[in-house]
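Each remark here refers to the structure printed beneath this line.
Values in this text are rule-based calculations from the coordinates and carry no lab data. It should be emphasised that the depicted structure is a prediction, and the values quoted were computed from it without experimental measurement. Here the Cβ positions follow ideal geometry from the backbone for every residue, glycine too, while neighbour counts run over all protein chains shown.
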Amino acid sequence: MHKEHEKKHESDERRGEHEDLWGERDRTLPREEWDCASEGAEDPEELFKAGLYLLKRDRLQEALAAFKKALYIRDREPRYMSYAGLALALNGKTKEAVLLCEKALQKESFRQEFFLNMGRVYLISGNRRKALMTFRKGMALDRENRQIRGELERMGIRKPPVFRFLDRNHPVNKWSGKMLHRLRLR
């Protein structure tokens, strides 16, 4: 029993060198995965790519494990934070997910994919208003981003009428909205 306690204490000290973004190690992951990540046994970029692959195939627990290991090795990488946040949200841990995605956006607020992930996390957590604002900020960076546009369309959010004092269906609103859209001003 005494040796087990010493082993645990040694591994806790090694883990303490990295910032623990989740407050406490996720108990659902086997200890061996964390030990091999702390020894640098795997390339964080390969783990990240594996996480993306698994995320696209709805293997959420495995994707989360891959992103966490990559983030454990390189804890200040915003891409890893953003995607780990998305994976956390898809696994039902929305509070931690929001914190990670916000941290990634603070570091690199010019990446559309971070706005997409943050918006999706807000949607999963039930905060449609913040999701809408986040998606619109992402669209401001690139009006042609199909993924963000698709999320906005799925949300069913329409832009406000050009002249708010007129009814949405008023011919002046319809015509001016179409013209502004064609000119890519709206």
**OP:** Using a Förster distance of 30 angstrom, determine the FRET efficiency expected from the C-beta separation of residue 57 and residue 136, and round it to 0.05.
**Re:** 0.50
Original post:
Taking the mean number of other Cβ atoms within 10 Å as a proxy for protection, how do you rank 164-176, 78-90 from highest to lowest?
Top reply: 78-90, 164-176
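Taking the Cβ of each residue in 75, 58 as the centre, tally the other Cβ atoms inside 10 Å and list the residues starting with the fewest. Show your work: numbers first, answer last.
Values: 75 15, 58 8.
Sorted ascending by nearby Cβ count, the order is 58, 75.
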**OP:** Filter the cross-link list 49/137; 49/107; 137/159; 56/95; 68/137 down to pairs whose alpha-carbon distance in this structure exceeds 24 Å.
**Re:** 49/137; 68/137
**OP:** Determine, from the Cβ-Cβ distance of residue 153 and residue 108 and an R0 of 22 Å, the FRET efficiency 1/(1 + (r/R0)^6), rounded to the nearest 0.05.
**Re:** 0.25
Original post:
In nm, to one decimal, how far is the residue 184 label point from the residue 163 one, both placed 7 Å along Cα→Cβ?
Top reply: 2.8
